[in-house]
Amino acid sequence: MGCSAFIEYPNVRGQGIVEQISTFMIVGFVAQMIDGTLGMAYGVSATTFLLALGISPSVASASVHASEVVTTGISGLSHHSFGNVDRYLVRRLIIPGVIGAVFGVYILTSIPGETIKPFVSAYLLVMGLFILMKALRRVAQSRVVTHLVPLGLVGGFFDAIGGGGWGPVVVSTLLSRGNHVRFTIGSVNFAEFFVALAASLTFVLTIGLSYWQAIVGLAIGGAVAAPTAAYACKKVPTRGLMALVGIMLVVLSVRTLYQVLK
């Protein structure tokens, strides 16, 4: 399908447009604080929230990626300014990440939303459990930079399919190999801008962009949080936050699966 115009978002529990945008701003702010600090969970958190409202997977992913163009751009620059970026990691992840994201968008938009929704929710549930597992592990730090191309391809693909997954897949894999936490998170956040931009442009060319309230609210909330989150990446212990992210994703994904499958 061609690019469609923005359409009005259905009322969230009777809220007006201003209240809807405010709600999404809060979601975007919290999601970006988590993502900028941990290097993961903006997409999966925001997408899980949108799916819980009954939005189709393709529209939810398109909305989240459109907002991420703003939030990841600011987050990446913030991480760079705080010295959290490993340029070698960025260069090796960007191109495969973009290719994987574009392919994932085409797969997602070619399948009816109600058909794929339980699979996307199940994927997000797995991501939540995966994050919880990572929160409970201690790994000795080193610098492992092998197999970055296939990692970028897989991360970009699942990011588009699930509306998030770049961080959980790429950051978790790099950290499990023992890479430095701060440089891993900063580099993956920096590269994510290009992945989000590629996915968003592909969504525009296939299904267009809808639900402008969600896009605007998520983008504003995420933009406000991005610099603070990048700074917090250097200061805040991450294991407790990772556990909270995992629990939140598990609860929301189980709720969505229950609604779809009951």
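The values are calculated or read from the model by the stated rules, or taken from the named source; none is laboratory data. Because the structure is a prediction, the values reported are computed rather than measured. Note that each Cβ is placed from the backbone with ideal geometry, even for glycine, and that neighbours are counted across all protein chains shown. When the accessible area is computed, the model is the full protein with side chains, heavy atoms only, and any ligands, DNA or RNA have been set aside. Shrake-Rupley method; radii C 1.70, N 1.55, O 1.52, S 1.80 Å.
Below, the figures for the structure above:
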| read-out | value |
| --- | --- |
| Kirkwood Rh, Cα atoms: Rg over Rh of the range 167-209 | 1.17 |
| Segment VAL149-THR115, extension gain: residue separation times 0.36 nm, minus the distance between their alpha carbons | 9.2 nm |
| Placed amide H near GLY208: partners under 5 Å, 5+ positions off or other chain | SER4 |
| Burial order of peptide ranges 46-54, 78-86, 224-232, 64-72 (average beta-carbon count within 10 Å, highest first) | 64-72, 46-54, 224-232, 78-86 |
| Heavy-atom SASA rank of ILE185, ILE111, ILE26 (probe 1.4 Å, accessible area, largest first) | ILE26, ILE111, ILE185 |
| Surface per residue (accessible, 1.4 Å probe) for the chain, Å² | 41 Å² |
| Prolate/oblate/rounded call for the range 149-262, Cα gyration tensor, a/c under 1.5 rounded | rounded |
| Radius 12 Å from Cβ of GLN32, net charge of other residues (Lys, Arg +1; Asp, Glu -1) | -3 |
| Amide H within-cut-off set for ASN179, under 5 Å, with H built and near neighbours excluded | SER142, VAL144 |
| Gaussian network model of the chain, Cα within-10 Å springs - most flexible of VAL195, VAL170, VAL251 | VAL251 |
| Rounded FRET efficiency, nearest 0.05, which uses the C-beta distance separating ARG137 from ALA52 and R0 of 25 Å | 0.30 |
| Percent of Cα-Cα distances greater than 23 Å, calculated over the chain | 45 percent |
